[in-house]
């Protein structure tokens, strides 16, 4: 299904295939020769999603953008089932395997591979031809690529990237405090805007 969101509509090249159970919402552009699999969701929110030529977006992939964090996907990119991408750039010929997570302002270099269940944190730059092994974590610019059991090393880099401020515009709370009431209020308001979406096509 294609949906208009806040006056913006998806544009799909005539040579591309979008599964009937996929959802494209808002300013989403799908390039020539692409294929978007069953259950995929590409929601541009207040931003934009641009997918290059001959990309494969497999089943149940979720791609989200925002005003401050658009998504740009280069040519000949494969995104595996259950992958989650938000606000990132993926350069040409990259391979993102099943279950990967790529966060806001991350850049995946040309020909890079993020293997099954790999994570690329926000503001992380993965260089061209790099590999994130199965289940490992890339964090920082330049990226440190670490196994998931290295929490202290990951957090030493990740904390400075300031996820609450970058994503939600909220200061990290002091110990024993929480930002969750304000975070959920803001995010729910954003999602409620979809009540006005219009199905097209």
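Every read-out reported here was derived from the displayed coordinates using simple, explicitly stated rules and does not represent laboratory data. Bear in mind that the values here come from a model prediction, so they are computed numbers and not experimental data. Neighbour counts are summed over all protein chains in view; Cβ atoms, including those assigned to glycine, are modelled from backbone coordinates with ideal geometry.
Label-to-label distance for residue 141 and residue 172 is 1.8 nm, based on points extended 7 Å past Cα in the beta-carbon direction.
Based on alpha carbons, the Rg and Dmax found for the chain are 16.9, 54 Å.
Arranged from fewest to most other beta-carbon atoms within 10 Å of their beta carbon, 200, 79, 167 become 200, 167, 79. DSSP assigns beta bridges within the stretch 18-101; of those with both partners inside it, close to 5 percent run antiparallel.
Using every pair of distinct Cα positions in the stretch 33-89, the Kirkwood expression returns a hydrodynamic radius of 11.0 angstrom.
Each of 116, 63 was scored by other Cβ atoms within 10 Å of its Cβ. Listed from fewest to most, they are 116, 63.
Label-to-label distance, residue 116 versus residue 194, with points set 7 angstrom from Cα along the beta-carbon direction: 2.9 nm. Taking the square roots of 5 times each eigenvalue of the Cα gyration tensor of the stretch 70-113, largest first, gives ellipsoid semi-axes of 13, 13, 8 Å. Look at 174, 182 and count the other Cβ atoms within 10 Å of each Cβ; fewest to most, that gives 174, 182.
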